[in-house]
Amino acid sequence: QGQLVESGGGLVQAGGSLRLSCAASGSIFSINAMGWYRQAPAKQRELVARITRGGSTNYADSVKGRFTISRDNAKNTVYLQMNSLKPEDTAVYYCNIFPAMNRYWGQGTQVTVSS
């Protein structure tokens, strides 16, 4: 059994930046690719970015060039640096393994971007 805890969300103006963090228990982190996901109101949850154990990354087209996913294997933590934020980035952001498993969904962290 493992746990993922997201933090770092908040309210920011369009064009601003936020850095999200996800602390994972070692048993989850050490063997899995990790992903950041988001769910906007009345929309399906979507994958935003993912990173393999070795550091290879992949991004949704909507965030390419603005978001950067990274991981610190020593700290069992994955990050999402979000720059040039847009109102359409407003959502609850979650981390999970990739592919996601239902038992690892946490509370998420709210990101709100004002125009």
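The values are calculated or read from the model by the stated rules, or taken from the named source; none is laboratory data. Treat the numbers as computed from the prediction; the structure is a model and nothing was measured. Glycine also receives a Cβ, built like all others from the backbone with ideal geometry; neighbour counts cover every protein chain displayed. Ligands, DNA and RNA are stripped out before the accessible areas are found, and what is left, the full protein with its side chains, is counted by its heavy atoms. Shrake-Rupley method; radii C 1.70, N 1.55, O 1.52, S 1.80 Å.
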Inset, instruction - Write out, first by first residue and then by second, each pair whose Cβ atoms fall under 6 Å of each other, whose residues are 6+ apart or on separate chains, and whose first residue, in segment 93-108, is farther than 17 Å from Asn58 by Cα while the second is of a type in the set (D, E, K, R) and at pLDDT 95 or above. - result: Gly106/Glu6; Gly108/Glu6
Inset, instruction - Would you check if there is a residue in segment 83-94 being open to solvent by 20 Å² or more (accessible area, probe 1.4 Å), within 23 Å of Leu11 (Cα to Cα) and part of a helix (DSSP H, G or I)? - result: yes
Inset, instruction - Would you check if Thr57 is open to solvent by 50 Å² or more (accessible area, probe 1.4 Å), touching a residue at least 12 places away in the same chain (Cβ under 8 Å) and of a type in the set (Val, Ile, Thr)? - result: yes
Legend entry - Filter pass, Gly16 being crowded, with 16+ Cβ neighbours inside 10 Å, of a type outside the set (D, E, K, R), within 11 Å of Val111 (Cβ to Cβ) and modelled with pLDDT of 95 or more: no
Legend entry - segment 64-74 - residue that is in contact with a Lys or Arg (Cβ under 9 Å, 6 or more places away or on another chain) and not basic (Lys, Arg) and, of those, nearest to Ala100 (Cα to Cα): Ile69
Inset, instruction - Tally the residues that are touching a residue at least 60 places away in the same chain (Cβ under 8 Å) and assigned to a strand (DSSP E or B), restricting the search to segment 15-54. - result: 11
Legend entry - Hits in segment 95-105 - residues which are open to solvent by less than 20 Å² (accessible area, probe 1.4 Å) and of a type outside the set (Val, Ile, Thr): Cys95, Asn96
Legend entry - segment 55-82: number of residues that are assigned to a loop (DSSP other than H, G, I, E, B), closer than 19 Å to Thr109 by Cα and either of a type outside the set (A, V, I, L, M) or in contact with a Leu (Cβ under 6 Å, 6 or more places away or on another chain) (or both): 2
Inset, instruction - Working only within segment 25-52, note down all residues that are under 11 Å from Arg71 (Cβ atoms) and open to solvent by 70 Å² or more (accessible area, probe 1.4 Å). - result: Arg50
